[in-house]
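Working notes for the structure below.
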Amino acid sequence: MNPIAVTLETIAGRQDVHEFVLAANAALRAMGYTEHGTRHVGLVAKIARRVLTELGYPQRDAELAAIAGYLHDIGNIAGRNHHGQSSAMLAYPILREAGMPSDEIALVLGAIGNHEEEYGEAVSPISAALILADKSDVHISRVQTEDPAQYDEHDRVNAAVRRSQLVIDREAAVITLALQIDDSISPMNYFEIFLSRMVMCRRAAEVLHCRFSLTANEHKLL
């Protein structure tokens with residue numbers, strides 16, 4: 001019997017996955033973090049798939065990257081620290097029950113478990129796509145703190161970003177995170193706060209045989 005070709009639609013349509021995503025975001029909202037709910041994971045899944053598709057990787061790899069993107073933050077229901085590992089542990093029985101073969105599960109879990117900048121590394125093209133998709137989601141819509149006086153540095157930076165886009169130039173082998181930032185915040189503030197994330201994006205792009213670039217208001221920062 002051939003293994004089932006598990007898709008993003010299969011995983012996103014599961015009630016347990018939906019409840020995990022909602023619960024994870026509720027926990028983070030209570031702790032004062034930015035949005036990590038259905039908007040975030042849906043967008044990360046979409047971008048991760050697009051990264052590999054536009055760079056010419058196999059369609060199945062792109063689908064696995066999308067699945068990893070949708071599941072990468074569910075571990076936040078168990079705590080913020082090391083949520084990459086928690087997410088991978090929660091994802092395993094979900095993927096196994098859905099009928100995904102072990103070699104594909106290994107790729108998805110490797111990507112999920114390595115998406116945090118504190119200790120993660122791009123261990124495969126699927127992992128690299130997830131990292132780039134996750135770290136490129138910075139936008140005012142992610143701010144969940146209602147009182148601006150209570151913003152932390154991540155809230156302030158997200159609140160300042162009016163548009164973010166991950167641009168793939170396959171011919172030039174360049175992946176660019178292009179930001180439009182409110183003029184009240186210096187583009188360099190973004191770079192300073194998210195330096196570790198941008199370093200991780202650079203390494204992820206290299207796994208995909210590309211160079212990573214960061215622009216803010218059309219000014220090149222990296």
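Hey, GLN15 hits all of (1) of a type in the set (S, T, N, Q); (2) under 20 Å from ARG96 (Cβ atoms); (3) in contact (Cβ under 8 Å) with a residue 40 or more places away in the chain but one; which does it fall short on?
(3)
Quick one: is TYR57 part of a helix (DSSP H, G or I) and closer than 23 Å to GLN165 by Cβ?
The answer is no for TYR57.
Among the numbered criteria (1) in contact with a Gly (Cβ under 6 Å, 6 or more places away or on another chain); (2) touching a residue at least 60 places away in the same chain (Cβ under 8 Å); (3) among the hydrophobic types (A, V, I, L, M, F, W, C), which single criterion is violated by ALA68?
(1)
Check whether at least one residue in segment 151-170 is in a helix (DSSP H, G or I), modelled with pLDDT of 95 or more, among the β-branched types (Val, Ile, Thr) and more than 21 Å from THR34 (Cα to Cα), and report yes or no.
No, there is no match, as no residue in segment 151-170 is in a helix (DSSP H, G or I), modelled with pLDDT of 95 or more, among the β-branched types (Val, Ile, Thr) and more than 21 Å from THR34 (Cα to Cα).
Within the set of pairs 6 or more residues apart or between chains, which connect a residue that is under 24 Å from ARG49 (Cβ atoms) inside segment 193-222 to a residue that is among the polar types (S, T, N, Q) and modelled with pLDDT of 95 or more with Cβ atoms less than 6 Å apart?
SER213/THR176
Within segment 50-62, which residues are surrounded by fewer than 24 Cβ atoms within 10 Å (Cβ to Cβ) and either within 11 Å of the chain's Cα centre (by Cα) or not β-branched (Val, Ile, Thr) (or both)?
Matches in segment 50-62: ARG50, GLU54, LEU55, GLY56, TYR57, PRO58, GLN59, ARG60, ASP61, ALA62.
Pairs please, first residue from segment 167-188 and farther than 15 Å from LEU214 by Cα and of a type outside the set (D, E, K, R), second anywhere and modelled with pLDDT under 90 and surrounded by 14 or more Cβ atoms within 10 Å (Cβ to Cβ), Cβ atoms under 8 Å, 6+ apart in sequence or on different chains.
SER184/ALA160; ILE185/ARG156; ILE185/VAL157; ILE185/ALA160
Among the residues of segment 9-49 satisfying the criterion of being surrounded by 20 or more Cβ atoms within 10 Å (Cβ to Cβ) and in contact with a Phe, Trp or Tyr (Cβ under 7 Å, 6 or more places away or on another chain), which is nearest to ARG142 (Cα to Cα)?
Per the stated criteria, the residue is VAL41.
Looking only at segment 63-85, count every residue that is crowded, with 24+ Cβ neighbours inside 10 Å and not in a helix (DSSP H, G or I) and tell me the total.
Of the residues in that region, 2 qualify.
Name the one entry in ALA111, ALA133, ALA106 that is at pLDDT 85 or above and within 20 Å of ARG211 (Cβ to Cβ).
Every option except ALA133 fails the conditions.
Considering only residues that are β-branched (Val, Ile, Thr) and part of a helix (DSSP H, G or I), which ones fall in segment 103-127?
ILE105, VAL108, ILE112, ILE126
The values are calculated or read from the model by the stated rules, or taken from the named source; none is laboratory data. Computed from a predicted structure; not experimentally measured. When we count neighbours, we look across all protein chains shown, and the Cβ atoms used for this are built from the backbone with ideal geometry, even at glycine.
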